[in-house]
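To start, the structure itself, in structure tokens.
Readers should treat all values here as calculations from the given coordinates under stated rules, not as data from a laboratory. What you see is a predicted model; the values in this text were computed from it and never measured. When we count neighbours, we look across all protein chains shown, and the Cβ atoms used for this are built from the backbone with ideal geometry, even at glycine.
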Amino acid sequence: MLLRMLDGVRGGSIRRIKAILQVTKDWFMQEQRYLPALRAHIDYLISKGWVIAMRDPLKLQFRDETCVVMHGMLIGED
């Protein structure tokens, strides 16, 4: 929307702003996941019967076991 608003405006600085906005838009359109190995491991646990008990922080449960994701690590709770 903002790019369309700037279409009618002329000038070098406007072209730079439009370029920055396009790069920003492209960056946000990319996949936002991080720590793909952790995500793959969590997907594996879910396929084996673990369930997501809470989302923030992410907590997984299976029978009487519970794990929570903290600082990019999957940690078992006692």
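Can you work out the FRET efficiency for the pair Arg16 and Asp56, with r the C-beta to C-beta distance and R0 = 35 Å, to the nearest 0.05? Let's see the in-between values first.
Numbers: r = 38 Å, r/R0 = 1.08.
The computed FRET efficiency comes out at 0.40.
3J(HN,Hα) along region 37-45: 5, 5, 4, 4, 5, 5, 4, 4, 4 Hz, from the Karplus curve 6.51 cos²θ - 1.76 cosθ + 1.60 with θ = phi - 60°, whole Hz, x for Gly and Pro. For Ala53, the residues 5 or more places off, or on other chains, whose built amide H falls under 5 Å of its own are Lys59, Leu60, Gln61.
The lysines whose alpha-carbon is closer than 22 Å to the alpha-carbon of Lys48, local same-chain residues fewer than 8 away aside, are Lys59. Per residue, the convex hull spanned by the Cα atoms of region 36-77 measures out at 62 cubic angstrom.
Between Val23 and Asp43, the modelled label-to-label distance comes to 3.1 nm, taking each label 7 Å out from Cα in the direction of the beta carbon.
Evaluating 6.51 cos²θ - 1.76 cosθ + 1.60 at θ = phi - 60° for every residue in region 62-71, the Karplus couplings come out as 8, 6, 9, 9, 9, 10, 10, 8, 9, 6 Hz, glycine and proline recorded as x.
Using DSSP to call loops (not H, G, I, E or B), can you name the trypsin sites (Lys or Arg not before Pro) in region 43-78 whose Cβ has at most 14 other Cβ atoms within 10 angstrom?
Working: sites: Lys48, Arg55, Lys59, Arg63; in loops: Lys48, Arg63.
When the trypsin sites (Lys or Arg not before Pro) of region 43-78 are filtered for loop state and at most 14 Cβ neighbours within 10 Å, Lys48, Arg63 remain.
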